[in-house]
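The values are calculated or read from the model by the stated rules, or taken from the named source; none is laboratory data. A quick note: this is a predicted structure, and the numbers were derived from the prediction, not measured. Here the Cβ positions follow ideal geometry from the backbone for every residue, glycine too, while neighbour counts run over all protein chains shown. In case anyone asks, the SASA skips ligands and DNA or RNA and just uses the protein heavy atoms, side chains included. Shrake-Rupley method; radii C 1.70, N 1.55, O 1.52, S 1.80 Å.
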Amino acid sequence: MTTEMTKEILTTMLGLFLVGSVQAAMLYGKAVHITDGDTITVLDSNHEKHRVRLKNIDCPEKKQPWGTKAKRALADKVGNKRVRIDWNKKDRYGRIIGTVMLGDFNINRAMVQEGHCWVYLRYNDDPVLPSLESQAKQQGKGLWSLPDAQRTPPWKWRHSKVRKF
């Protein structure tokens, strides 16, 4: 490989790295409101509120079985605590889509590991989550302790014409 080719490869790699790092963002603040098991409001140091949707996961809706328990579990973890949100996009509702961190503790992963939510496979980019969900299922944790009939994934429940719960 020539020196010129090496320089070109390194320049390209550096460019890709910088583009990736520019797109990523961090939000620091206090979790002041828990909407449900996968949505919180964070108050930053400028007293601006940010709605945050936990990335890669989908918890039962409030009216679904386990919905209130998922909300309570998230509130116990982050309610009125300082968190860091690692994110790189917003959804169509203007919510930040991110990973909630409490120190080095990944809250999104904890919610799956404890059986409070599903991995949102359609959008998931965390390779660890499917195995955490599988373990929670095998151990009957959280919503996985419910009968099959009460475990409708929220993305299906939201789109059903008749909501039974």
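How much length is gained on full extension from K63 to D86, taking 0.36 nm per residue of separation minus their Cα-Cα distance?
Extra length available between K63 and D86 comes to 5.4 nm.
May I ask you to give the percent of accessible area on region 29-165 that is carbon plus sulfur, with a probe radius of 1.4 Å?
48
What ranking do 74-84, 53-63, 125-135 get when scored by the average of other Cβ atoms within 10 Å per residue, highest first?
Details: 74-84: 16.9, 53-63: 22.2, 125-135: 14.6.
Output ranking for 74-84, 53-63, 125-135: 53-63, 74-84, 125-135.
What is the gain in length, in nm to one decimal, between W155 and H33 on full extension, counting 0.36 nm per residue of separation less the C-alpha to C-alpha distance?
41.6 nm
If a/c stays under 1.5 just call it rounded; otherwise compare a/b with b/c (prolate if a/b is bigger, oblate if not). Do that for region 106-165, with a ≥ b ≥ c from the square roots of the Cα gyration tensor eigenvalues. It would help to have the intermediate numbers written out before the result.
Values: a/c = 2.49, a/b = 1.39, b/c = 1.79.
Taking the square roots of the gyration eigenvalues as a ≥ b ≥ c, region 106-165 is oblate.
Among residues other than G29 whose Cβ falls under 11 Å from its Cβ, what is the net charge (Lys/Arg +1, Asp/Glu -1)?
+3
Tell me, what is the FRET efficiency for D44 and S134 to the nearest 0.05, using R0 = 45 angstrom and their Cβ-Cβ distance as r? Each step should come with its number before you reach the end.
Details: r = 36 Å, r/R0 = 0.80.
The value I calculate is 0.80.
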